[in-house]
1. Report, by residue number, each residue of segment 380-429 that is more than 27 Å from the chain's Cα centre (by Cα), among the small types (Gly, Ala, Ser) and closer than 27 Å to Thr473 by Cβ.
2. Does Leu433 count as touching a residue at least 40 places away in the same chain (Cβ under 8 Å) and part of a strand (DSSP E or B)?
3. Step by step: first the residues of segment 324-349, then only those that are away from the ligand (no atom under 16 Å from the Cβ) and in contact (Cβ under 8 Å) with a residue 60 or more places away in the chain, then the one that is surrounded by the most Cβ atoms within 10 Å (Cβ to Cβ). Which residue is that?
4. Filter segment 446-473 down to the residues that are within 16 Å of the ligand (Cβ to nearest atom) and touching a Leu at 6+ places or on another chain (Cβ under 6 Å) and list them by number.
5. Scan segment 482-500 and give yes if some residue there is away from the ligand (no atom under 16 Å from the Cβ) and of a type in the set (D, E, K, R), otherwise no.
6. Go over the candidates Val267, Val261 one by one and state the one that is within 16 Å of the ligand (Cβ to nearest atom), in contact with a Ser or Thr (Cβ under 9 Å, 6 or more places away or on another chain) and of a type in the set (A, V, I, L, M, F, W, C).
7. Within the group Arg111, Arg157, Arg92, which residue is basic (Lys, Arg), under 21 Å from Gln289 (Cβ atoms), in contact with a strand residue (DSSP E or B) (Cβ under 8 Å, 6 or more places away or on another chain) and open to solvent by 10 Å² or more (accessible area, probe 1.4 Å)?
8. Which of the residues spanning segment 471-483 are closer than 30 Å to Arg215 by Cα and surrounded by fewer than 22 Cβ atoms within 10 Å (Cβ to Cβ)?
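The values are calculated or read from the model by the stated rules, or taken from the named source; none is laboratory data. Given the structure is predicted, the values throughout are model-derived calculations rather than measurements. Backbone-built Cβ (ideal geometry, glycine too); neighbour counts: all protein chains shown. Heavy atoms of the whole protein, side chains included, go into the accessibility calculation; ligands, DNA and RNA do not. Shrake-Rupley method; radii C 1.70, N 1.55, O 1.52, S 1.80 Å.
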Amino acid sequence: MSSAPTAAPDPLDAGTAPHRADEPARHADPAPPVLADRAPAAPELARAAAQAAGDLLAPPSPVRLGDVVPAPEQVTPDPAADFTLLPEAAIRVSTDAGALAVGEQLAALLRPATGYPLPVTDAARPEPAGGIALVLDDDPGLGPEGYRLDVTPAGVRIGATTPAGLLHGVQTLRQLFPAAIENPTPVAERWALPGGSITDRPRFAYRGAMLDVARHFFGVDAVLRVIDHLARYKLNHLHLHLTDDQGWRIAVDSWPRLATVGGATAVGDAPGGWYTKADYRRIVAYAAQRHITVVPEIDLPGHTNAALTAYPELAPDGVAPPPYTGTEVGFSYVDPANERTYDFVADVLGEVAALTPGPLLHVGGDEAFKVKGTAYTGFVERAQRIVAGLGKTVVGWHQLAPAAHADGRVLQWWGTDGADPVTADAVRRGARLILSPGNHVYLDMKYAPDTPIGHDWAGLIDVRRAYDWDPGTHVADVPAEAVLGVEAPLWTESVTSLAEIEFMLLPRLPAVAELGWSPRATHDWTAFRERLAGQGRRWTAAGITFHRAPEVPWPADEPATAHIPAQVGTPTTTA
Ligand code: TNX
C-alpha cells in the first residue's frame, strides 16, 4: 500500500492503540452496507496508516541489514524499503507441518517482547501482506539449509527449500529486529527492520558444539538452553559427551548400574546425575525442532572409570576401582581382551543408537594411554563394526586414525599442530574430518590469564583466536572437500553451572559458528567484532551471561555488571 486512505483512523492513534481484526470497524463511514465484507479492510487501513506515520515520524531501522552473525553470503540493503511490524501482523506459512512448526517458533520468538498476537496461518502460496511469510520454494541454488530473506514495505518474505532453511532465515530475521526483541516481556519499541535482501547458505554441512555432561552434570533444562544458543547461530549439531571417568550420564536398560552407580559422581564431589531415556528423548526432540542433530558420545575404551565402578567385570583386573572425582585423564580402560567388553559395547551403543535419530554415533577413542598398538586398533575396529551394524556412521576423536577405515567414518581432530600425517593418511583412506583445533575452539580454555575458570593447556583463547583460522586449510594435506565442518567442544572439569557454560560459550561460539557457516570471502576480524558487539545487547536483554571480551567494541550503553557470571566457583548442578 502506498498511501494512507483518508478513512483510516488517526495514524498517531493507530500507532498507540492498534486496531485489532476482532474489534468492530472504527473508520468514519457511518453505515457500511455489508459489514462482513468491509470489516477486514479496516485493520489493513490502520496498518497502512500507522506504517506511513511511523515512516514519517520514526527513525529508520537501528540495525543494518548486514549486522548478522554468522555473516550471510550475500546482503543487498535497500534503505528505502524498511518495514515496521505492527500489532495486527500475521505469520503466513506454506502448508507443511515442518514449515508451520518454524512459523510457531518465529511467533514464540517475537510475541514476548512485542506483545503482539502474531497468529500463524497457512496457505499454498503465502504472501507477506503486512506481516511475515515463510515460504517453501523450489530454489535449488539455496541448498538444503539456505534461505532468501526479503524485507520490503509490504512485509517480510523468507523462502527456503526446507524447514531447516526457513529456520535459519528466521534466526537472521530475529537479529534484524531492534535488540529489545530479546526481552522476555513487552517493551514499547518500534519494531523496524532494515529493507533489502539476503541470500544465504552454509559453507560447511557440519557445524557443532560439544557439551561435556560427564565431568559436571547439567540437567535437561540447561541443555535445552544451550540448544537455543546453537540454533541462534545456525549450528546444526549438538555433541553430548555422555560418559567419562567421573560420571556415566545416560540410562542403559541392559546395564542399569552404569547410570545408577556410575552416574552418582562428578568432579570435585559435585552432585551427579544422569538422563533417563525420556530425558534424552526430550533433548533430541527439542534439538530436532531446531533442526539440530544430537551426536551422542560413549567414550571408549578409555575414560571409563565410572563404568568400571559399576561393572568391575569390564576392568582388566576384574576389580572395581573407587569412584573418580579428580581431573586427570588416561588411566582407565575397559579390557579389550575380554569378550564381555564387546557385549557391553554392543548393548550400550545399541540402546543409544535406538534413542538417536541422527546418523552419527561417537565412540570417543581419545587418551586411552594404556591400550596400545594393535590392542587399541583392534578394539576400535570392532567398535566401528558394531556401529556400522547398527546402521550408524562412526565418529571418533582423531586418535582413531591408525585403525582401518570404516565406511563414512568421521574423525574429530582436536590437535594443536596442523601437521598431522597420521590423520592426513586416514583422510586419504576415506575419513572425513570435523575440526576442533584445541588451540582455537576448545571453549574450556581461558580467555586470558585472569579468566576465573577454565584450562590453558592448549593456550589462551580470546575471541580473535577463536575466529582467526580457516577450517578449509587448517590441517596439512587435508583438502577442504574432506572437511565436514567445525565443532567447538566445552569440557566441564571447571564449569559447574549454566551461567558458567554461557560465560565460556559467549562470545566465542558465534566466532566458530561463523567459520562453519560464512563464505571465506566474508572473513574479516574488524567487521566481525563490530557485528559481534551488536549481539551483546541481545544477550543482555535475554538474560544470557557472556564474557565482555575486551577486544570486542561492546556498545557503551550496556551495564558492565550484567556480564559477570553470578556463580563462578559455586557448583550448582543437580542430579
Ligand atoms: C582433552 S580433547 C580431552 C578431555 C579433557 C580436555 C580438557 C579430548 C578428546 N580429551 O578429556 O576434558 O582435554 O581440555
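1. Within segment 380-429, Ala401, Ala403, Ala406, Ala419, Ala424, Ala426 meet the criteria.
2. yes
3. By that ranking, first place goes to Phe344.
4. Lys446
5. no
6. Step by step, each of Val267, Val261 is checked, and only Val267 is within 16 Å of the ligand (Cβ to nearest atom), in contact with a Ser or Thr (Cβ under 9 Å, 6 or more places away or on another chain) and of a type in the set (A, V, I, L, M, F, W, C).
7. Arg92
8. The one that is closer than 30 Å to Arg215 by Cα and surrounded by fewer than 22 Cβ atoms within 10 Å (Cβ to Cβ): His474.
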